[in-house]
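The next block holds one structure in the form of structure tokens; read it before the comments.
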Amino acid sequence: MAETPSSDSEQNGFDAQLEVAATAWLSQRRGKPVWAGPPPVARLIANLVPPDQRKAGMTVRELQGRWGEIVGDKIATICQPDQIKGETLVLKVVAAAAPLLSMRSTEIVGLVRLAGAGKIKKLSLVRAPLKQAAKAPAKATNRKLNASEQRKLDEQLEQVTQPSLKAALTRLAEATASID
């Protein structure tokens, strides 16, 4: 008796039912690829930035690099960011400028928050020499007060009797007028 071939696929050693079973088995038990690729960059650098600075939005190094454009060149010459402690930005300050910066601390905090360090809520001033020599202006640029400012200052200083104190307060008013 002669055998009749049932199909061409069986003659070639191909079994459709076996192929379906093999595909189902492989789809459930696929192995991991040999090489998964590089790890995400965020995971690699996570340990380089301390956790409290990651939450702040900006690191101290970023603040130091952009300090002049954040607060302006005049303020940047008398102070610089030193570190971030929780919600406090610690600034190194030239000793003579500490009172001026403490007066303008809410303005500086607002500028820092606007620049991207949203967690910062207050400043701490440390009187210390700045790391890099601040560029001193070639010449003092105190502007003279205009007539209305001078009248207002004279009215405020009427009760001051000591001429040396009155002169010092006038110089202070001219110096602070040139900062604005």
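What to note about this one:
- Peptide ranges 79-92, 143-156, 61-74, 15-28 listed from the most packed, as the mean C-beta count within 10 angstrom indicates: 79-92, 61-74, 143-156, 15-28
- If the chain linking residue 176 and residue 147 were pulled fully straight, counting 0.36 nm for each residue of separation and taking away their Cα-Cα distance, it would gain 8.8 nm.
- Using a Förster distance of 30 Å, the FRET efficiency for residue 155-residue 66 (Cβ separation, nearest 0.05): 0.15
- Near residue 70: Cβ cut-off under 14 Å, other residues only, Lys/Arg at +1 and Asp/Glu at -1. The net charge is +1.
- In a fully extended conformation the segment linking residue 96 and residue 24 would gain 18.1 nm over its present Cα-Cα distance, using 0.36 nm per residue.
- Of all beta bridges that DSSP places with both ends in the stretch 51-127, some 50 percent have antiparallel geometry.
Bear in mind that the values in this text are calculations on the coordinates, not laboratory data. Remember, predicted model here, so these are calculated numbers, not experimental data. Here Cβ is always computed from backbone atoms with ideal geometry, including for glycine, and neighbour counts include all displayed protein chains.
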